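The values are calculated or read from the model by the stated rules, or taken from the named source; none is laboratory data. Keep in mind that this is a model prediction, so the values were computed, not measured. With ideal geometry, Cβ positions are generated from the backbone for all residues, glycine too; neighbour counts draw on all protein chains shown.
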Amino acid sequence: MKNDRLLPTVGSIAIILVIALLAITIVAVLYSVYASQTSPQGYITVSASGSASALPSQALLYITANGTGATVYDAVSNMSATMQSVNATLFGYVRGNTSMISTSQYSVYRTYNRSTYTASESVTVTIPNISDVNAALGKLSALTNVYVTGVTAQLSSDQVAQLRSQALKEALLNATGQAGELVAPKGVRLTNVSISGYVVRPYPVYSFNAAGVSKDVSPSFFGGTSKVSESISAVFSYG
């Protein structure tokens, strides 16, 4: 008789346990669904780059002026007179801004026969309008003891800023595309961007040998494009 009374009690306990387990499972599922709808499931970091190109609007001229004399004073005086000719020749091409003519090296030394001295000054000149380079080279070739050692096209600061903006937009598009492919079909949302760095690659357009410009040859200036590359690291959330 006692065993018969215990059977319903054991069955009731089993039913209660099953109901409790079902309730716990339902709560867990509902919480999982709610959590997935209210918060992102993860983050992804993507490295990407973009670039933009343009024709340089200005140029750099590399010039050396020499002066020789029996004494150091004479050599420096003669070199200074030569530099005055350089400045006067380039005055219009630098738009009257002589700060665009900057000294990169200055030296005085005995000549090989040790009977005279030579003073030498190397300068870098920024020509704001690249179309003026041919005329400037022609004028410089007529000066005595003046040597043009090289010419390089250069982007202006405004051009660099504009190209960086274009390159950054391309880098962001590339990063978004990569993130979308990695976590497809889940949508991605940009949360943070850091710039890793940018690179400007000038296009070397003309160069002279150390002997300078031949006075019986009209120099020719050749152009090309310069490129700005922007690198970024972008963080996206998805879910």
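Okay, here's what the table says:
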item	result
Index of the failed condition, Tyr73 passing every other in (1) of a type in the set (Phe, Trp, Tyr); (2) farther than 23 Å from Ser156 by Cβ; (3) part of a strand (DSSP E or B)	(3)
Selection count, the range 230-239, where residues are over 16 Å from Ser194 (Cβ atoms) and modelled with pLDDT of 90 or more	0
Matching residues in the range 148-157 - criterion: being touching a residue at least 12 places away in the same chain (Cβ under 8 Å) and out of contact with any helix residue (DSSP H, G or I) (no Cβ under 9 Å at 6 or more places or on another chain)	Thr149, Gly150, Thr152, Ser156
Unmet requirement for Gly150, which otherwise passes all of (1) outside the structural domain of Gly69 (by TED's automatic domain parsing); (2) modelled with pLDDT under 85	(1)
